[in-house]
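Worksheet: one structure, shown below.
The values are calculated or read from the model by the stated rules, or taken from the named source; none is laboratory data. None of the values given here were measured: they were computed from a predicted structure. Here the Cβ positions follow ideal geometry from the backbone for every residue, glycine too, while neighbour counts run over all protein chains shown. Just the protein is used for accessible areas: all its heavy atoms, side chains included, with ligands, DNA and RNA removed. Shrake-Rupley method; radii C 1.70, N 1.55, O 1.52, S 1.80 Å.
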Amino acid sequence: MAPDTVSLRYFLVLAQELNFTRAATRIGIAQPALSARIRRLEADLGTALLLRNTRSVVVTTAGAALAEAAPPALAALDRAWDTARSAAAGELGTLRIGYSLSTGSETAPALVDRLIRDNGGLKVDAVPMATPEISPAVADGRIDAGITRGEQPGRGVRRFLLRRARVGVQLARHHPLAGHPEIEIADAAAYPLRLPDRAANPVIHDQLAAVFRDTLPRPRFHTPAVSFDMSQRDLLDGVTLAPAGEAAVTAQPAGLTWRPLRGAPGLTIHLVLPREQSPLHHRIRAVAKTLAHELHWLPG
C-alpha cells in the first residue's frame, strides 16, 4: 500500500516533539485529528510507532526506524513532484529548434542562448534547415519551433513576428557605393544583383526582388550556381551587389560591408510554433517576446 505522506509528515513532527499538543499546534490542526492520523498510519504499517500514556509519548523501535528513513524518502518524493511540475511548465526536456541559415548569424543564437540561460533544465538542439522545410517540420512535430526569415507558408502552425530588419546590400569595401551611409535603390539597381535561389526560399527571393520592382531600367538579377553563403567572389570583385537584411553586418566576410537601401521595406523574421501549443511552446514564446523587446528587434 502506498504510504499516506501527509500522515507520515505529521508523524515526523510528533517524533520530534513527543507531545501531541505541541505537535498539533506546530502543524496547525486539532489534537484529535492528529491522533486519528497517527492511528491510521500505524494501522497501515501493522505496527505501533508510538507508546503513549497520560504522561509521555515514546517512539517504538519501528517508529525510530521510520523517523530515520522517512525524511530522505520524502525529500526524494518532493524532488520528483518538482521535476514533474517543471516538465509540465516547459522548464525541462529537450527543445528542438530549426532555423533558416539567414537567421543563424544573430537571431537564432540569441534566442537559443536566452532559452538555455533562463531554463537550466532545458536542453536545446538547434539545427539549420532549408527554409521551406521548417513550417512543415513544426506542424508534424519533428521540431518544436522554427525561426524563419519572411512569413513562410504552411498549415498547422502559428507565426509570431520576432524581428524587423532593414534591407540593404552587401558589397565590396572598395566599391564606389560603399562610401555612402545609405544607398539609393536606383543606384544599387545599376549593378547586377545577386539573389538567393528562389527554389530554396521563394518568400525571401520575392521580397528582395520586390524592392526593385519600380526601378528603371529593370535590374539584372542572377542566382549563383553555388550557395549564397559559400561563394562571395563576384561581390569581392566589386562586380555584383547582394540585397540582404541587416543581420549580414554581424556575419560579414573579410572584404565586404553592408549598407542600407534608402526607403526599402524591411524584412521580417518569424518564430514558428505549432497551432496546438504546450507549456513548452508558451515558454518559448514568452522568452522570444522578452528578448525581442530587450534587443529592440521590433522598433516602434
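Summary table below
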{"quantity": "Every residue from the range 14-44 that is farther than 11 Å from A70 by Cβ, surrounded by 15 or more Cβ atoms within 10 Å (Cβ to Cβ) and aliphatic (A, V, I, L, M)", "calculated": "L14, A23, A24, I27, L34, I38"}
{"quantity": "Scan of the range 79-100 for residues that are out of contact with any Lys or Arg (no Cβ under 6 Å at 6 or more places or on another chain), open to solvent by 40 Å² or more (accessible area, probe 1.4 Å) and modelled with pLDDT of 80 or more, ordered by number", "calculated": "R96, Y99"}
{"quantity": "Scope the range 257-285; condition surrounded by 13 or more Cβ atoms within 10 Å (Cβ to Cβ), over 19 Å from the mean Cα position of the chain (by Cα) and modelled with pLDDT under 90; matching residues", "calculated": "G266, L267"}
{"quantity": "Any pair with Cβ under 8 angstrom, 6 or more apart, that starts in the range 31-51 at a residue that is among the hydroxyl-bearing types (S, T, Y) and ends at one that is not in a helix (DSSP H, G or I)", "calculated": "T47/T60"}
{"quantity": "Residue satisfying all of: in the range 158-186; of a type in the set (K, R), under 14 Å from G245 (Cα atoms) and assigned to a strand (DSSP E or B); most open to solvent (accessible area, probe 1.4 Å) among these", "calculated": "R164"}
{"quantity": "Residue that is modelled with the lowest pLDDT [pool: residues in the range 127-141 that are open to solvent by 10 Å² or more (accessible area, probe 1.4 Å) and in contact with a Pro (Cβ under 8 Å, 6 or more places away or on another chain)]", "calculated": "P132"}
{"quantity": "Out of L273, L298, L291, sole residue that is in contact with a Phe, Trp or Tyr (Cβ under 8 Å, 6 or more places away or on another chain), outside any helix (DSSP H, G or I) and touching a residue at least 12 places away in the same chain (Cβ under 8 Å)", "calculated": "L273"}
{"quantity": "Qualifying positions in the range 207-255 - at pLDDT 80 or above, of a type in the set (F, W, Y) and either open to solvent by less than 70 Å² (accessible area, probe 1.4 Å) or within 28 Å of the chain's Cα centre (by Cα) (or both)", "calculated": "F212"}
